[in-house]
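K.L.:
First the structure, which I've put down as structure tokens, then a few questions once you've had a look.
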Amino acid sequence: MLFKDCLCFQVGKASRKMAKLTRDAVGPYGLTTTQFFFLTALYEEEDIAISALARKVVLDKATLTGLIDRLERDGFVTRRINPEDRRAVRVQLTPKAEKLRETLTDLYHKINRKFLSFLTEAEQKTFEQIVSKIENADLSKG
């Protein structure tokens, strides 16, 4: 198999292209791609426990902590200790993030539509199935 035909290389190449478009779109808002997707996840489910958020955005706790630190420093989120369980820290959006909610949500949908526009409806469904299959595969075997 030629290098250019390697699935891992092809997926990585497509991912970098998608990441660049997203990075260019969110840069003017002072956000990285990861921060943008993190805020999008919070727009869907606000005032969420860090542990639940880590599962939702599929980041390990150390990476998530650094991400939240930077977003908190930049005024997009705050941490709140749950008074009923002091070990449970929750993440909340600030007024600054709320002010960008509609703009960033629209941008999120616009970017997603752009990538999906290259695929027919049947191809979109097949693509989602393939990605899901790879994502859920047990790669520790074989």
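K.L.:
Indicate the helices, whole DSSP H runs only, in the chain that combine a mean Kyte-Doolittle hydropathy of -0.5 or more with a Cα extent along their long axis of 24 angstrom or more.
P.N.:
The qualifying helices are 7-26.
K.L.:
Given Val57, Ala97, Thr33, which one lies farthest toward the positive end of the charge dipole of the chain, if we put +1 on the Cβ of every Lys and Arg and -1 on the Cβ of every Asp and Glu?
P.N.:
Thr33
K.L.:
Shifting gears a bit: Expected output is a single nm value to one decimal: the length gained when fully extending between Ser140 and Phe115, i.e. 0.36 nm times separation in residues minus the C-alpha distance. What is it?
P.N.:
5.9 nm
K.L.:
Sticking with this one: Can you list the residues of the range 66-81 with backbone N under 16 Å from a point 7 Å past the Cα of Ala49, pointing along Cα to Cβ?
P.N.:
Answer for the range 66-81: 80-81.
K.L.:
If you place +1 on the Cβ of every Lys and Arg, -1 on the Cβ of every Asp and Glu, and leave all else neutral, what size is the dipole of the chain about its Cα centre, to the nearest 20 Debye?
P.N.:
420
K.L.:
Treat every Asp and Glu Cβ in the range 1-50 as -1 and every Lys and Arg Cβ as +1, leave all other atoms uncharged, and give the resulting dipole magnitude about the Cα centre to the nearest 20 debye.
P.N.:
580
K.L.:
Keeping all protein chains in place, calculate the accessible area per residue for the chain (probe 1.4 angstrom), answer in Å².
P.N.:
Accessible area per residue, the chain: 72 Å².
K.L.:
Sticking with this one: Kirkwood hydrodynamic radius, computed over distinct alpha-carbon pairs, for the range 17-142: how many Å, to one decimal?
P.N.:
16.3
K.L.:
Still on this structure, please answer the following. Amide H neighbours of Ala88 under 5 Å, counting only residues 5+ apart in sequence or on other chains, H built in-plane at 1.01 Å?
P.N.:
Asn82
K.L.:
Quick check: from the Cα gyration tensor, does the range 71-136 come out rounded (a/c under 1.5), prolate or oblate?
P.N.:
Since a/c reaches 1.5 but b/c is at least a/b, the shape of the range 71-136 is classed as oblate.
K.L.:
Further question on the same structure: Subtracting the Cα-Cα distance from 0.36 nm times the residue separation, let me have the gained length for Tyr29 to Ser15 in nm, one decimal.
P.N.:
Separation in residues times 0.36 nm, less the Cα-Cα distance, equals 2.9 nm.
K.L.:
Shifting gears a bit: Greater than 26 Å separation of Cα atoms is the criterion. Which listed pairs, Lys99/Lys133; Lys61/Lys114; Lys61/Lys125; Lys13/Lys114; Lys13/Lys133, meet it?
P.N.:
Too far apart for the 26 Å limit: Lys99/Lys133; Lys61/Lys114; Lys61/Lys125.
K.L.:
Which cross-chain or sequence-distant (5 or more) residues have an amide H under 5 Å from the amide H of Ile48, H modelled 1.01 Å from N in plane?
P.N.:
The list, which skips near neighbours in sequence, is Val91.
The values are calculated or read from the model by the stated rules, or taken from the named source; none is laboratory data. Since this is a predicted model, take the numbers as computed values, not measurements. Cβ coordinates were reconstructed from backbone atoms using ideal geometry, including for glycine residues, and neighbour counts include every protein chain displayed. Ligands, DNA and RNA are stripped out before the accessible areas are found, and what is left, the full protein with its side chains, is counted by its heavy atoms. Shrake-Rupley method; radii C 1.70, N 1.55, O 1.52, S 1.80 Å.
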